[in-house]
1. Roughly how many debye, to the nearest 20, is the charge dipole of region 391-458 about its Cα centre, given +1 on each Lys and Arg Cβ, -1 on each Asp and Glu Cβ, and no other charges?
2. Using the Cα centre of region 255-353 as the reference point, and only Cβ charges (+1 on K/R, -1 on D/E), how large is the resulting charge dipole? Debye, rounded to the nearest 20.
3. Just want the answer: with Cβ charges of +1 for Lys and Arg and -1 for Asp and Glu, which residue in L110, L132, T222 is farthest toward the dipole's positive end in region 103-240?
4. Give me the base-10 log of I(q)/I(0) for region 102-220 at each q in 0.18 Å⁻¹, Debye formula, one uniform scatterer per Cα, rounded to two decimals.
5. I need the trypsin sites (Lys or Arg not before Pro) found in region 82-169, filtered to DSSP loop residues with at most 13 other beta carbons within 10 Å of theirs.
6. With the contact rule set at Cα under 8 Å and sequence spacing of 6 or more, what percent relative contact order holds for region 309-379?
7. Calculate the dipole size of the chain relative to its Cα centre from +1 charges on Lys and Arg beta carbons and -1 charges on Asp and Glu beta carbons; express the result in debye to the nearest 20.
8. Give me the net charge for the shell around H247: Cβ to Cβ below 10 angstrom, other residues only, Lys and Arg +1, Asp and Glu -1.
Amino acid sequence: MNTTRRALIASTAALAGLPALAAPGRDDAWKEADAILARIKPPTIPRRDFPITKFGAKPDADCTKAIAAALEAAAKAGGGRAVVPAGVWLTGAVHLKSKTELHVAKGATLKFLQDPAAYLPAVLTRHEGVELINYSPFIYALEQHDIALTGEGTLDGQADAEHWWNWIRRKPPGVVDDRKRLTEMAEAGVPVAQRVFGAGTTIRPMFIQPYRCKNVLIESLTIIGSPMWEVHPVECENVIVRKLNIHSHGPNNDGCDPESCRDVLIEGCVFDTGDDCIAIKSGRNADGRRLNKPTENVIIRDCQMMDGHGGVTLGSEITGGVRNVFVERCKMDSPRLDIAIRFKNNAMRGGTLENIHVRDIAVGQVAKAVITVDYNYQEGANGPYAPVFRNLVVERLVSGHSPRALDLQGFANAPIRDVRLIDCEFNDVSGQDIIRYVDGLTFDNVKINGQPAKPPAG
């Protein structure tokens with residue numbers, strides 16, 4: 001048995017030995033989680049099937065038009081499913097309509113074309129918290145309701161070192177790179193309609209992006225080879241992301257990034273990623289302040305995090321704020337997972353992160369620290385917008401190996417406030433914690449390397 005698996009088993013066993021429930025009154029906020037779950041419902045889509053083969057789709061050929069025709073027929077019928085049967089099929093951009101579902105059946109692989117022209121015309125989208133007009137996400141919906149992406153098949157973005165991923169480094173001689181140009185446009189207040197990229201530019205599209213949609217279900221699929229972030233709901237309400245297997249190790253390959261969304265459930269997913277497994281966001285810098293839409297009321301449960309920068313992350317594009325996040329019953333374990341529970345902010349973002357509740361987490365090993373709150377991310381203190389972080393409660397987290405248990409770094413003028421650890425065990429910790437500018441750090445039955453732990457004085 002390898003060291004990683006042994007650590008996870010030890011952590012899970014220790015977790016099982018902790019009290020089944022926190023004492024009454026310790027963290028009654030979980031009642032709010034119950035209320036959020038009661039509001040989250042699957043979309044309503046009639047069970048009418050429209051196989052893409054009836055609209056001209058052929059295996060190993062470009063089926064973009066056939067898929068669009070199947071979805072259009074489903075929409076005109078009052079709703080239904082465009083069904084991708086077993087086999088290998090090729091497509092460009094897929095746009096969902098209200099009351100429609102793309103169902104990728106077991107044994108089916110939907111491969112997305114590597115030609116950027118397959119994702120034109122350009123659409124309204126967000127890239128790293130900034131609005132623009134760019135290549136269509138591979139699967140996209142704008143201002144639709146009751147949409148779904150389901151099935152036991154595979155979505156293969158076919159991104160690799162020669163397609164999409166190389167765009168992060170591709171800067172033509174004498175030309176300002178497009179990501180920097182977009183950032184400058186947003187900071188200068190250039191209207192979104194004038195931030196036109198797409199053809200001939202190098203800002204990568206997202207894989208799956210419902211935008212300003214209500215009642216969204218993304219379920220049971222395997223997702224590989226993403227060009228950028230993999231599942232990225234933006235300004236959506238009532239979202240379920242369930243039982244996905246996400247494996248993609250390209251640059252910025254976050255697994256699931258709800259941004260400026262309300263009432264979101266992420267459950268039963270496996271994340272093996274090139275960046276954060278889950279990263280909750282709400283806009284970046286000037287655009288985040290202009291839009292001013294927080295992400296709120298998020299439930300994350302029963303997920304497995306393998307490789308990635310963070311298991312569950314808030315930030316860094318969180319200028320609009322994030323509040324009311326509940327994380328429970330997750331397993332996080334890999335020598336290539338940097339941090340289990342991660343918060344990143346700075347004085348250019350300036351968002352408010354509040355009311356985060358975490359319980360029953362088994363961490364095998366991580367490469368850096370189990371829990372971090374970092375105000376020094378990217379621009380760090382170089383900005384006029386003081387970050388706000390308050391009210392984090394972590395209960396019954398057990399870790400097997402890490403260089404640090406905690407790395408909490410606020411600012412002197414903007415301390416991290418009210419962090420409480422209850423019934424937690426951090427085992428095989430090899431280095432010292434970093435605690436700077438934290439007000440209200442409390443431990444209740446916390447052990448580090450088997451010994452009772454107390455917050456540092458002062």
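Every number here is computed from the coordinates shown, using simple stated rules; none is lab data. What you are looking at is a predicted structure, and each value in this text was computed from that prediction instead of being measured. Virtual Cβ from ideal backbone geometry, glycine too; neighbours counted across all protein chains shown.
1. Working: 7 positive and 9 negative charges, 25 e Å.
Once rounded to the nearest 20, the dipole reads 120 debye.
2. On the way: 14 positive and 15 negative charges, 101 e Å.
It comes to approximately 480 debye.
3. L132
4. Results for region 102-220 at q = 0.18 Å⁻¹ read -1.02.
5. Details: sites: K97, K99, K106, K111, R126, R169; in loops: K97, K99, K106, R169.
Counting only loop positions with at most 13 other Cβ atoms within 10 Å, the trypsin sites (Lys or Arg not before Pro) in region 82-169 are K106, R169.
6. On the way: 158 pairs, mean separation 30.0, N = 71.
Relative contact order, region 309-379: 42 percent.
7. On the way: 54 positive and 55 negative charges, 112 e Å.
With Lys and Arg at +1 and Asp and Glu at -1, about 540 debye.
8. Values: positive: none; negative: E230, D272, D307.
Every neighbour counted, the sum reads -3.
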